[in-house]
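In what follows, a structure is listed as structure tokens, so that the remarks can point back to it.
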Amino acid sequence: MSNMTKIIATNKTLDEVAVKYCRVIITEDKLSWHRLVETTDGHLEYRMGAGKRKSINARGFRSLVRSIVQAAKAHQLENIAIHLGMMGCPKLEVMGEEWFFRTLGENLELAQYEFKKYKTGGKKDDYELKEILVCGVSEPAEKQSFSAGLTIGQSANLTRDIANTCGDDLTPTGLAQAAKEALKGTKATVKILNKKAIQAEKMGLLEAVGKGANDEPNLIVIEYWGLEKPTAKTKNNEALKPIALIGKGITYDTGGLNVKPSGFMHEMHMDMTGGATLIGAIQALAKLGVKKNVIAIIPAAENAISADSMRAGDIVTSMSGKTVEILHTDAEGRLVLADAMTYAEKYYQPRVMLDVATLTGASLAALGQFASAIMTKNKALSDTLVKLGEETGDLMWPLPLWDEYKQSLKSYRADISNIATNFARTAGCIEGAAFLSHFAPKKTPWAHIDIAPRMDSIPSDKLAKGATGEPVRLLVKFVEGC
Ligand code: BES
Ligand code: MN
Ligand code: ZN
């Protein structure tokens, strides 16, 4: 599905390319100005305004790259040739060559993507953008950065394929299968804990969330020892301790017995986007041969409705031993994540932990659909994530995670409840993080990333409708720099 457009780097200049290519010429006209012309020597030229070079920044550049691909599709051009250097843009020059070529590769891939799995085709759909020829990529370092960008973009597109797939076609077993397929032939290994193993680990929360579904829950454990696997001797070596990534893997979220109203359920096949993001990120890291140790843990379950579903008011014992009163069956993501975090700490003692989840609608209320929300008590970690967001395009913005927010979760029947005991819908996004903080490792830096705002693309993204593949780019960059 992904990667139907060939993207090829060449050291040729635009003037040297064959006549079948429409040559894209960037001008300083205002944004949205464009002309498609046939030159006297018989080739097509698409001229588009990008505004003044001095004002093109990282965000503008990503948008420009995507606009080119979008325009090519709108005009049904089959082959295009582009030549984008730093173009004398001071704000891009400060980002550096490596960033420039990587960003170019990433965004060409992201923009060419379309999700056609369920389209039967027909005449109208026959058009395809066949090739993007990227001129002026000549130095080995440029080629390398560009090709890394393509790899990361392709992995983000794999994440989109997984996230866009229907809940009926991608159950917990299917998600585990997708992880195995994505990582086949790489250095990363995938281990699946089935329901029996989950029970043996006493992961009561993950088990409870998956109880109502036909397909059993599972825990997907991915290990990537890019450096070397710690042994009994080296297990205290800080650099060898893995980075732990935890991703929500709810393959469909009906809300459970507290069923979602119509209009709020139909996109819940994407509630495993956090997990899908980890699969994409690990695939990219493995393909790039990044020398870091990473583990990714995806608690996979379907939050379904049946006589076996968990009930509101049930009290469940988590893997950590803490008891949780399920006040609302639709606050299921935090439940499965809690057990996965306990598992990660018990078996891997990571040096840093991030969890990535489509956790709350409240995060959209707070930030709109432009950025994911970060919650952590670690200021340095928060700053790093905001900075990497700006650099990669997977924008993130912090919300506070003060202890005050834990108050609302005090349950009179169990240790904690999974939503505010007064059912107040205030600070719902932070409430999710406050719940998770009960299960976070005590000494290890941990950040919760609520990616619900970025689950679905919006028109200004200039991407296909549906999953965005975020924050694969950020996770790769985070691990590289960790
Ligand atoms: N998966 C949803 C959150 C969600 C909503 C993601 C919209 C993407 C778009 C999550 O499991 C959920 O239902 N959260 C509830 C929590 C509430 C019951 C405290 C919500 O946001 O309403
Ligand atoms: Mn839910
Ligand atoms: Zn959910």
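The values are calculated or read from the model by the stated rules, or taken from the named source; none is laboratory data. The structure presented is a predicted model; accordingly, all values stated were derived computationally and were not measured. FYI the Cβ positions are ideal-geometry reconstructions off the backbone, even for glycines, and counts take in every protein chain you see.
Among residues belonging to the range 1-45 that are more than 27 Å from Glu139 (Cβ to Cβ) and among the β-branched types (Val, Ile, Thr), point out the one that is surrounded by the fewest Cβ atoms within 10 Å (Cβ to Cβ).
Thr40
Within the set of pairs 6+ apart or on separate chains, which have a first residue in the range 410-437 that is free of Cβ contacts under 8 Å to residues at least 12 places away in the same chain, a second that is surrounded by 15 or more Cβ atoms within 10 Å (Cβ to Cβ), and C-beta atoms under 9 Å apart?
Short answer, once both residue conditions are applied: Lys410/Ile416; Lys410/Ser417; Lys410/Thr421; Tyr412/Glu325; Tyr412/Thr421; Thr426/Ala362; Thr426/Ser408; Thr426/Ala420.
Name every residue in the range 169-196 that is among the basic types (Lys, Arg) and without any contact (Cβ under 8 Å) to a residue 60 or more places away in the chain, in order of residue number.
Scanning the range 169-196 gives Lys180, Lys184, Lys191, Lys195, Lys196.
What pairs come up if the first residue lies in the range 234-263 and is under 13 Å from Ser309 (Cβ atoms) and within 16 Å of ligand 1 (Cβ to nearest atom), the second is at pLDDT 95 or above and hydroxyl-bearing (Ser, Thr, Tyr), and their beta carbons are under 7 Å apart, counting only those six or more places apart or on different chains?
Matching pairs, first to second residue: Gly255/Thr329; Gly256/Ser309; Gly256/Thr329; Leu257/Ser309; Leu257/Thr329; Asn258/Thr329.
Is at least one residue of the range 149-168 of a type in the set (A, V, I, L, M) and free of Cβ contacts under 8 Å to residues at least 40 places away in the same chain?
No.
Any residue that is more than 14 Å from ligand 3 (Cβ to nearest atom), of a type outside the set (Lys, Arg) and modelled with pLDDT under 95 - is there at least one of those in the range 209-227?
no
If you go through the range 58-85, how many residues are crowded, with 18+ Cβ neighbours inside 10 Å and assigned to a loop (DSSP other than H, G, I, E, B)?
Result for the range 58-85: 3.
Just to be sure, is Leu409 touching a Cys at 6+ places or on another chain (Cβ under 9 Å), away from ligand 3 (no atom under 16 Å from the Cβ) and under 30 Å from Ala312 (Cα atoms)? Give the derivation first.
On the way: touching a Cys at 6+ places or on another chain (Cβ under 9 Å): no; away from ligand 3 (no atom under 16 Å from the Cβ): yes; under 30 Å from Ala312 (Cα atoms): yes.
When the stated conditions are applied, Leu409 does not pass them.
How about the range 284-305: which of its residues are away from ligand 2 (no atom under 16 Å from the Cβ) and in a loop (DSSP other than H, G, I, E, B)?
Within the range 284-305, Gly289, Val290, Lys291, Lys292 qualify.
Do we find a residue being of a type in the set (D, E, K, R) and within 16 Å of ligand 3 (Cβ to nearest atom) anywhere in the range 380-401?
No, because not a single residue in the range 380-401 is of a type in the set (D, E, K, R) and within 16 Å of ligand 3 (Cβ to nearest atom).
Inside the range 256-275, can you point out the residues that are within 22 Å of the chain's Cα centre (by Cα), outside any helix (DSSP H, G or I) and within 10 Å of ligand 3 (Cβ to nearest atom)? Give the steps one after another, and end with the answer.
As a first pass, look at the range 256-275 and keep what is within 22 Å of the chain's Cα centre (by Cα): 264-275.
Then keep just the ones that are outside any helix (DSSP H, G or I); that gives 264-267, 271-272.
Of everything in the range 256-275, those that are within 22 Å of the chain's Cα centre (by Cα), outside any helix (DSSP H, G or I) and within 10 Å of ligand 3 (Cβ to nearest atom) turn out to be Asp271, Met272.
Could you check how many residues of the range 223-252 are away from ligand 2 (no atom under 16 Å from the Cβ) and either closer than 30 Å to Gly263 by Cβ or of a type outside the set (S, T, N, Q) (or both)? Walk me through it before giving the result.
Filtering the range 223-252 for residues away from ligand 2 (no atom under 16 Å from the Cβ) gives 223-246.
Checking which are either closer than 30 Å to Gly263 by Cβ or of a type outside the set (S, T, N, Q) (or both) leaves us with 223-230, 232-233, 235, 238-246.
Counting residues in the range 223-252 that are away from ligand 2 (no atom under 16 Å from the Cβ) and either closer than 30 Å to Gly263 by Cβ or of a type outside the set (S, T, N, Q) (or both) gives 20.
Any chance the range 140-151 includes a residue that's modelled with pLDDT of 95 or more, among the hydrophobic types (A, V, I, L, M, F, W, C) and touching a Ser or Thr at 6+ places or on another chain (Cβ under 8 Å)? Talk me through it step by step, then tell me what you get.
Here is the first cut: in the range 140-151, the residues modelled with pLDDT of 95 or more are 140-151.
Within this subset, residues satisfying the condition of being among the hydrophobic types (A, V, I, L, M, F, W, C) are 141, 146, 148, 150.
Subsequent filtering for residues that are touching a Ser or Thr at 6+ places or on another chain (Cβ under 8 Å) retains none.
No, that holds for no residue.
On the basis of being away from ligand 1 (no atom under 11 Å from the Cβ), more than 29 Å from Glu109 (Cβ to Cβ) and either among the acidic types (Asp, Glu) or not assigned by TED's automatic domain parsing to the domain that holds Asp394 (or both), does Glu223 make the cut? Steps first, please.
Values: away from ligand 1 (no atom under 11 Å from the Cβ): yes; more than 29 Å from Glu109 (Cβ to Cβ): no; either among the acidic types (Asp, Glu) or not assigned by TED's automatic domain parsing to the domain that holds Asp394 (or both): yes.
No: the conditions fail for Glu223.
Considering the range 128-168 alone, what residues qualify as being among the β-branched types (Val, Ile, Thr) and outside any helix (DSSP H, G or I)?
Listed by number, the residues that qualify are Ile132, Val134, Val137, Thr165.
Take the range 318-341 and flag every residue that is acidic (Asp, Glu) and either assigned to a helix (DSSP H, G or I) or touching a Cys at 6+ places or on another chain (Cβ under 6 Å) (or both).
Asp339
Report whether or not Leu64 is closer than 16 Å to Leu108 by Cα, in the same structural domain as His83 (by TED's automatic domain parsing) and not polar (S, T, N, Q).
Spelling it out, Leu64 is indeed closer than 16 Å to Leu108 by Cα, in the same structural domain as His83 (by TED's automatic domain parsing) and not polar (S, T, N, Q).
Among the residues of the range 362-416, count how many are part of a loop (DSSP other than H, G, I, E, B) and farther than 27 Å from Glu470 by Cα.
5
For the range 235-255, which positions are outside any loop (DSSP other than H, G, I, E, B), within 16 Å of ligand 3 (Cβ to nearest atom) and either charged (D, E, K, R) or outside the structural domain of Gly361 (by TED's automatic domain parsing) (or both)?
Asp253
If we scan the range 253-272, do we find a residue that is away from ligand 2 (no atom under 16 Å from the Cβ) and closer than 21 Å to Asp450 by Cα? Lay out the reasoning, then the answer.
Narrowing the range 253-272 to residues away from ligand 2 (no atom under 16 Å from the Cβ): none.
Within the range 253-272, none of the residues are away from ligand 2 (no atom under 16 Å from the Cβ) and closer than 21 Å to Asp450 by Cα.
Looking only at the range 428-445, count how many residues are in contact with a helix residue (DSSP H, G or I) (Cβ under 8 Å, 6 or more places away or on another chain) and either within 14 Å of Met353 (Cβ to Cβ) or more than 16 Å from ligand 2 (Cβ to nearest atom) (or both).
Count: 11.
Within the bounds of the range 383-392, is there any residue that is charged (D, E, K, R), assigned by TED's automatic domain parsing to the domain that holds Trp225 and in contact with a strand residue (DSSP E or B) (Cβ under 6 Å, 6 or more places away or on another chain)? Lay out the reasoning, then the answer.
Initial filter on the range 383-392 (charged (D, E, K, R)): 383, 387, 390-391.
Going one step further and asking which of them are assigned by TED's automatic domain parsing to the domain that holds Trp225, we end up with 383, 387, 390-391.
Then drop every residue that is not in contact with a strand residue (DSSP E or B) (Cβ under 6 Å, 6 or more places away or on another chain), which leaves none.
No: zero hits.
Within the range 187-206, identify whether any single residue is basic (Lys, Arg) and assigned to a helix (DSSP H, G or I), and answer yes or no.
yes
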